[in-house]
Each structure stands twice: as structure tokens, then as C-alpha cells.
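Please read the structure below before turning to the comments.
The values are calculated or read from the model by the stated rules, or taken from the named source; none is laboratory data. Because the structure is predicted, anything quoted here is derived from the model rather than measured. Cβ placement follows ideal geometry from the backbone for every residue including glycine, while neighbour counts extend to all protein chains displayed. All accessible areas refer to the heavy atoms of the entire protein, side chains included, with ligands and DNA or RNA removed. Shrake-Rupley method; radii C 1.70, N 1.55, O 1.52, S 1.80 Å.
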Amino acid sequence: MRNHFLLPHKYKVFGWVLLIIGLISGILLYATDFEPAMLKTSVLSIYNGDSLFSGTDEGWFKIIENGIIDELSALAIIIGGLLVGFTREKVEDEFIYQLRTESLVWAIIVNYIILALAVIFVYDMVFLNVMIFNMFTPLFIFIIRFNFLKLKSNSHDE
């Protein structure tokens, strides 16, 4: 079975390494608010400011000083998660394709159920934290569900 959207299997290990490093650093950053000075650099900001309509130093397309450790952690989680989720298996057949498709649909549905519940029951700045975590939940749910179903099917085969 040929699937044009999947990467070669050799990238899966690199994806796991990136995902784990991103998760560990992201959890540490969230828990400790650690911001190393050596990772502060000038970056291009599409919009700089708290509000679209106030302030003097605010505006579109500004170069600002920013600590980039949180962005690096988020990119490691996203790229690692995509590599883990969307690389071919050693045996990529119709059954694996079906598991992958069902897991992806299931992950999107569960993600939006969680988001709907958060919209109803979570407010203020805590909701911003929910939205930050919600960036990653579709990938996490997909990876967990797909690997769980794959493991379950392997245990039934033996």
C-alpha cells in the first residue's frame, strides 16, 4: 500500500526523541517559569503589544527581544509529534491505514469535545492555559490511540 502523506519509518526514532525533549522542557517551563538569559534574542514579531489599539511601542512587524525557550519546546513537541504520528510503520498495510484513519478521526472528535467543555466551564486566564494545551492535544490523543490500537491488535494476533 502506497501512502504519499507518510514519512519514511527511519524518522520515527528522531520524532520520539524530539517529542520527549519537548514534553520534558515544556513541563519544566510551565511548572517553574524558568527563562534562561542566554536564550534571549531578537525576533520578528508580527504584532507586538497587549492590545491592538493602545500604546506607543506597539505595532505590526517589530523586532523585539524575547526568550525563545518556550517556542523551541513547542516546536519540538509539534515536530516530534508529527514525526511520530505520521511516519510509516515497518509494515504499512490496509489494517494499519484503517487504524491510523480511525485514530485521527477519534482524536479530532475527542479534542473538540474537551474544547467545548472548556469553553462552557473554564474562564479567564485559566482558559488561555487550556488553549495552549489544546494546541497539542490532537497529536497526543492520536498518537496514544493509534499506538494503543496497534498494540491491542498485536496482542490479539499472538
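Run the helix sum for the chain: -39,500 (n - 2.57) per DSSP H stretch of 4+ residues, divided by residue count, reported at 222 nm to the nearest 500 deg cm²/dmol.
It lands at -21500 deg cm²/dmol.
How far is it, in nm, from the label point at Lys62 to the one at Val110 when both lie 7 Å from their Cα along the line to the Cβ?
Using points 7 Å along Cα→Cβ, the separation is 4.1 nm.
Report, ordered by chain and residue number, the lysines lying within cross-link reach of Lys90, taken as a straight Cα distance under 18 Å and ignoring same-chain residues fewer than 8 apart.
Reachable lysines: Lys10, Lys12, Lys150, Lys152.
Can you list the residues, at least 5 places off or on another chain, whose amide H is less than 5 Å from the amide H of Leu7, using H built in the peptide plane?
Result for Leu7 returns Thr87, Arg88.
Of Ile141, Phe61, Thr41, which is farthest on the positive side of the dipole of the chain, counting Cα position, with +1 on Lys and Arg Cβ, -1 on Asp and Glu Cβ, and the Cα centre as origin?
Highest projection toward the positive end goes to Ile141.
Students often check this: by mean Cβ neighbours within 10 Å, which of 30-36, 106-112 ranks highest, and how do the rest follow?
106-112, 30-36
Can you tell me how the stretch 71-149 classifies by the Cα gyration tensor, rounded, prolate or oblate, using a/c under 1.5 as the rounded cut?
Oblate is the answer for the stretch 71-149, as a/c is 1.5 or above yet b/c matches or exceeds a/b.
Using Cα pairs closer than 8 Å and at least 6 residues apart in sequence, work out the relative contact order for the stretch 1-141, in percent.
About 31 percent, as a whole number.
Using only Cα atoms and rounding to the nearest 10 degrees, what angle (0 to 90) does helix 94-121 make with the longest principal axis of the chain?
Value to nearest ten degrees: 40.
First compute the accessible area of the chain with a 1.4 Å probe, then give the percent of it belonging to carbon and sulfur atoms.
Looking at the chain in its full context, I get 70 percent from C and S.
How much of Lys150 can a 1.4 Å solvent probe reach, expressed as accessible area in Å² and rounded to 10?
For Lys150, solvent-accessible area is about 40 Å².
Evaluate the charge dipole of the chain about its Cα centre and quote only its size in Debye, nearest 20, assuming +1 on the Cβ of each Lys and Arg and -1 on the Cβ of each Asp and Glu.
So the dipole magnitude of the chain works out to roughly 640 debye.
Kirkwood hydrodynamic radius, the chain, all distinct C-alpha pairs: what's the number in Å?
Here the Kirkwood hydrodynamic radius works out to 18.3 Å.
So, for the stretch 8-134, what is the accessible surface per residue at a probe of 1.4 Å, expressed in square angstrom?
That works out to 69 Å² for each residue.
May I ask for the angle, rounded to the nearest 10°, between helix 12-32 and the longest principal axis of the chain, with both axes built from Cα atoms and the value confined to 0 to 90°?
With both axes taken from Cα atoms, the answer is about 40 degrees.
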